[in-house]
Each structure stands twice: as C-alpha cells, then as structure tokens.
C-alpha cells in the first residue's frame, strides 16, 4: 500500500470512529420513555395475555372511540397502533 493510500485509509477510519461516537452520544442522551404502559387492571387484563398486537388493537376502540367510555384526545397520535407505545407490563 502506498503511503498516501494509508493516510486516506487512516482518515476514513478516524472519521468512521468519530461518527460512531457521535451516534452513541446522541442515543445515550435521548429522553426516557414517557408513554404510560398499558394499565394492569380488569378492563385491560385480556390485552395482557394476547400474543397478537394487531388483534388486541382492534378491541381498543370499544372503550377509546369518540363515543366510548374513555375517548382519546383529539391530538392523540395514530389511533390504530395503541400497543406500539402503550406496551403491556
């Protein structure tokens, strides 16, 4: 390998290491998860045991639809992926 090629290779290696460190620092400084977990109560017990999230999410609208017992707020994110954020305990 020529001297110039080695210099270029070393520069790329250093750049790669710096990029990896920057990504690592970014991830380490990410905020903690603030979304509430799926409640562990009688109303949500059936969801805790379900293995298929998609099937479980279809049942969320029974209570959380606009006409349900506990409707979601207007600014709530996508209403069809409940268990993506509200993970079972």
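FYI, it's all coordinate maths here, none of it is from the lab. From a predicted model like this one, the values you see are computed outputs, not experimental measurements. Quick reminder, even Gly has a Cβ in these numbers, built from the backbone with ideal geometry, and neighbours come from all protein chains shown.
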If I go through the range 56-88 residue by residue, how many of them are within 19 Å of the chain's Cα centre (by Cα) and not in a loop (DSSP other than H, G, I, E, B)?
6
Output for the range 24-55, where each listed residue is in a loop (DSSP other than H, G, I, E, B) and surrounded by 13 or more Cβ atoms within 10 Å (Cβ to Cβ)
38, 39, 50
